[in-house]
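What follows is a short report on a single structure.
Just so it is clear, none of the values below were taken in a lab; they were calculated from the coordinates. Bear in mind the structure is a predicted one, so any value in this text is a computation, not a measurement. Methodologically, a virtual Cβ is constructed for each residue, glycine included, from the backbone with ideal geometry; neighbour enumeration extends over all protein chains shown.
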Amino acid sequence: MSATTTRPQTRKVVPAKGDRPVAVASHGALVLWCVLVIAPMLWTLLSSFKTSGEIFASPFGLPAEWSFTNYANAWVDSGLGDAFINTVIVVGTALVLVMLLGSMCAYVLGRFEFFGRRAIYYLMLAGLTFPVFLAIVPLFFVLQNLGLLGTLPGLIVTYVSFALPFTVFFLYSFFRGLPVEISEAAAIDGAGEWRTFFQVMLPMARPGMASVAIFNFLGLWNQFLLPVALNTDRDNWVLAQVLASFISSAGYAVDFGAMFAAAVVTIVPVLVAYIVFQRQLQGSVSQGTMK
Amino acid sequence: MATVTYDHASRIYPGTERPAVDALNLEVEDGEFLVLVGPSGCGKSTSLRMLAGLEDVNSGRILIGDRDVTDVQPKDRDIAMVFQNYALYPHMSVADNMGFALKIAGKPKAEIRQRVEEAAKILDLSEYLDRKPKALSGGQRQRVAMGRAIVRQPQVFLMDEPLSNLDAKLRVQTRTQIASLQRRLGVTTVYVTHDQTEALTMGDRICVLKDGVLQQVGTPRDMYDTPQNVFVAGFIGSPAMNLGSFKVADGKANLGGAHIPLTRTTLDAITDEDKGEITLGFRPEATHLVSEGTEASFGIRVNLVEELGSDAFVYGEMLDKEASEHISSGAGDAQVIVRVEPRNPPMKGDTVYIQIEDGQKHLFSSATGQRLPE
């Protein structure tokens with residue numbers, strides 16, 4: 001900008017004067033926001049190492065002793081370990097199924113012309129608008145008739161159908177946006193529909209798949225209403241149910257330390273998923289395909 | 001290697017009445033480089049996609065060699081196609097992109113590797129085999145797309161405007177590379193472009209389409225020397241031919257004062273429907289400057305001079321108002337383009353007199369637009 005600068009490559013970027021108050025204000029707001037989000041999590045983490053007594057005596061102090069007693073208590077005594085394994089099984093299986101079925105469904109709806117295509121798509125959209133609360137009672141009886149009530153497969157089937165509309169809705173537009181020429185090139189290269197889908201289109205849809213997968217993972221991992229209504233057998237409980245039981249069942253004799261430990265155990269996988277998928281979420285769609 | 005035959009092949013898109021390709025009859029010889037050319041929407045890409053099997057054929061047949069492929073799946077036609085946008089698989093390396101078809105065909109890994117490396121050598125891509133398409137330049141991606149076609153060793157190459165995404169310099173360079181590569185491999189090639197220069201420089205024969213209808217097929221020389229109708233005359237050649245409808249009187253066409261004599265044969269071919277007019281065309285390069293008053297010459301007021309070094313083109317209006325209204329050229333209505341000696345071109349505002357060189361005029365029927373015999 002200035003003509004007197006002789007070496008423009010080392011020139012410092014000086015923000016215009018009006019920018020500074022804006023920058024300060026926005027950074028201030030962001031810092032505040034970070035504190036609001038991170039502080040409760042840190043507090044939960046700290047509290048998970050304290051005894052109940054310590055928590056009430058000094059809510060914000062450091063624990064006297066860094067011990068994993070709370071974790072051991074929660075994991076073994078309160079059945080958190082079993083619930084964790086149940087949750088992993090249910091959410092993991094449901095996630096794989098819903099991604100597989102959802103992507104195939106979205107691909108067909110998005111890229112093939114056939115009679116009833118729109119009708120099926122709108123039916124899927126209708127599934128999105130349908131409140132779960134309305135479906136609880138009928139779902140209960142459907143699962144009962146199927147003999148799946150209170151079982152993990154029953155919960156998996158429910159989760160899959162629960163997450164499918166959003167998955168299809170999201171991936172539908174994603175597959176529509178992928179260039180047609182690629183599938184034509186694959187057709188000329190000799191790939192059939194299955195190979196085109198699995199070896200060409202699906203890898204291209206990876207960023208979209210990752211986004212949907214993480215949304216589904218969060219939604220299903222934190223799912224509370226469906227398991228409470230449909231998964232009443234204590235042996236099959238998932239994490240959310242165990243967490244709730246800390247507060248509700250024991251009444252005044254709550255082991256707060258163990259409760260915080262259980263909360264940390266529930267939160268950590270979600271955080272890990274976020275961190276692992278973060279790069280995928282930012283990846284661009286079909287870079288390098290065209291031109 | 002094989003011939004390609006379009007036998008009255010038509011394509012009508014659902015919901016439209018006019019065919020995108022109307023009863024196309026075309027024979028491509030074994031090993032020939034045929035260029036389909038025409039303005040956008042003329043059906044050239046549709047014709048190619050019909051041959052590829054990406055577009056249905058509503059009536060007629062398409063043959064590759066002696067085999068009727070009208071209802072054959074693209075993958076079973078033994079063809080390879082280069083797309084305008086290249087359509088590379090973004091998640092595969094260059095080598096995998098090129099070898100994908102062979103992998104599907106179940107060829108052994110060693111053979112795939114060998115054929116991919118051979119093609120890469122021809123196309124100067126050897127050092128990029130492990131890269132992903134996004135790490136390549138536009139020209140390199142174009143070559144990968146070519147490579148993908150070459151490794152298949154197909155019967156026919158189909159190319160859909162493969163150069164349109166390259167910059168001007170690279171386009172000229174790649175143009176000659178593709179043409180010489182095709183001559184070397186000897187594979188029958190159908191090439192689609194909207195650029196008549198590309199068509200003239202690359203094709204063994206050129207096929208001009210307009211509104212889904214075949215206009216003329218011939219060698220570049222045929223197309224330039226004897227365009228069969230007004231459309232081909234105006235489309236082939238750069239700058240485009242000057243074309244106008246003029247009154248015929250006393251066996252001569254009246255071109256704004258210049259009386260161009262017509263032969264007996266031509267005059268006999270003019271029908272009542274032509275209403276005593278004839279469409280006369282002359283190329284900018286088929287003229288020369290003469291002094292005022294020379295027989296069969298006419299005057300032009302210079303609006304603009306375009307100097308290219310090797311040539312200079314004069315853009316101007318004919319002095320005669322009436323004739324001027326009826327003529328058009330590559331520069332638009334009422335404009336004439338004339339090539340002049342580049343060393344001392346006329347100035348803007350000058351008036352120059354030109355004469356059409358002997359045997360260089362093109363005569364068409366005013367009513368039908370068809371070429372008239374001379």
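Given q = 0.06, 0.09, 0.12 Å⁻¹, what are the Debye log10 I(q)/I(0) values for the protein assembly as shown, with equal point scatterers placed on the Cα positions and solvent ignored?
Evaluating at q = 0.06, 0.09, 0.12 Å⁻¹ gives log10 I(q)/I(0) of -0.59, -0.96, -1.23.
Net charge near A:Leu125: determine it from the other residues with C-beta under 14 Å of the C-beta of A:Leu125, scoring Lys and Arg +1 and Asp and Glu -1.
+2
Loop sites only, by DSSP: take the GluC sites (Glu not before Pro) in chain A that have at most 10 other C-beta atoms within 10 Å and name the longest stretch containing none of them.
Looking at chain A, A:114-291 is the longest stretch - no exposed GluC sites (Glu not before Pro) with at most 10 other Cβ atoms within 10 Å.
Neighbour counts of other C-beta atoms within 10 Å: give me B:Tyr353, A:Tyr122 arranged from fewest to most.
The most exposed by this proxy come first: A:Tyr122, B:Tyr353.
Please grab the % of Cα pairs in chain B that end up more than 27 Å from each other.
56
If you place +1 on the Cβ of every Lys and Arg, -1 on the Cβ of every Asp and Glu, and leave all else neutral, what size is the dipole of region A:105-218 about its Cα centre, to the nearest 20 Debye?
220
Distance between Cα centroids, region B:225-298 to region B:322-374: provide it in whole Å.
8
Would you compute, from DSSP H runs of 4+ residues alone, the mean residue ellipticity of chain A at 222 nm, taking -39500 (n - 2.57) per run and dividing by the full residue count, rounded to the nearest 500?
-22000 deg cm²/dmol
Can you list the aspartates and glutamates whose alpha carbon is less than 19 Å from that of B:Lys121, not counting same-chain residues fewer than 8 positions off?
Straight-distance partners of B:Lys121: B:Asp96, B:Glu111, B:Asp130.
Compute for region A:76-282: radius of gyration divided by Kirkwood radius, i.e. Rg/Rh, restricted to C-alpha atoms, rounded to two decimals.
Ratio of gyration radius to Kirkwood radius: 1.05.
Sorted by packing (mean other beta-carbon atoms within 10 Å per residue), highest first, where do A:36-43, B:27-34, B:252-259 land?
Put in order of decreasing packing, that is B:252-259, B:27-34, A:36-43.
Stretched out fully, how many nm does the piece from A:Ser26 to A:Phe277 gain, at 0.36 nm a residue minus the Cα gap?
Value of the extension gain: 87.6 nm.
For region B:34-86 and region A:51-68, what is the separation of their C-alpha centers, rounded to whole Å?
76
May I ask for the percentage of alpha-carbon pairs in region B:36-129 that lie more than 21 Å from each other?
48
Sequence gap at least 6, Cα distance under 8 Å: using those rules, report the relative contact order of chain A to the nearest whole percent.
29
Excluding residues fewer than 8 places away in the same chain, name every one of the aspartates and glutamates whose C-alpha is closer than 13 Å to that of B:Lys361.
Of all the aspartates and glutamates, those that pass the test against B:Lys361 - Cα under 13 Å, at least 8 places apart if same chain - are B:Asp225, B:Glu285, B:Glu374.
So what is the relative contact order of region B:4-233, in percent, for Cα pairs below 8 Å that sit 6 or more residues apart?
Relative contact order of region B:4-233: 29 percent.
What percent do you get for the relative contact order of region B:70-195 when only Cα pairs under 8 Å and 6+ apart count?
36
Could you tell me how many degrees, from 0 to 90 and to the nearest 10, lie between the Cα long axis of helix B:138-150 and the main elongation axis, the longest principal axis, of the Cα atoms of chain B?
Here the helix axis deviates by roughly 70 degrees.
Mean residue ellipticity at 222 nm from the helices of chain B, using -39,500 (n - 2.57) per DSSP H segment of n ≥ 4 over the full residue count, to the nearest 500 deg cm²/dmol?
About -7500 deg cm²/dmol.
Among B:His8, B:His362, which comes first, then next, by fewest other beta-carbon atoms within 10 Å?
B:His8, B:His362
Given B:Lys109/B:Lys134; B:Lys252/B:Lys348; B:Lys75/B:Lys107; B:Lys44/B:Lys210; B:Lys75/B:Lys134; B:Lys247/B:Lys275, which pairs have Cα atoms separated by over 20 Å?
In this structure, B:Lys109/B:Lys134; B:Lys252/B:Lys348; B:Lys75/B:Lys134 lie more than 20 Å apart at Cα.
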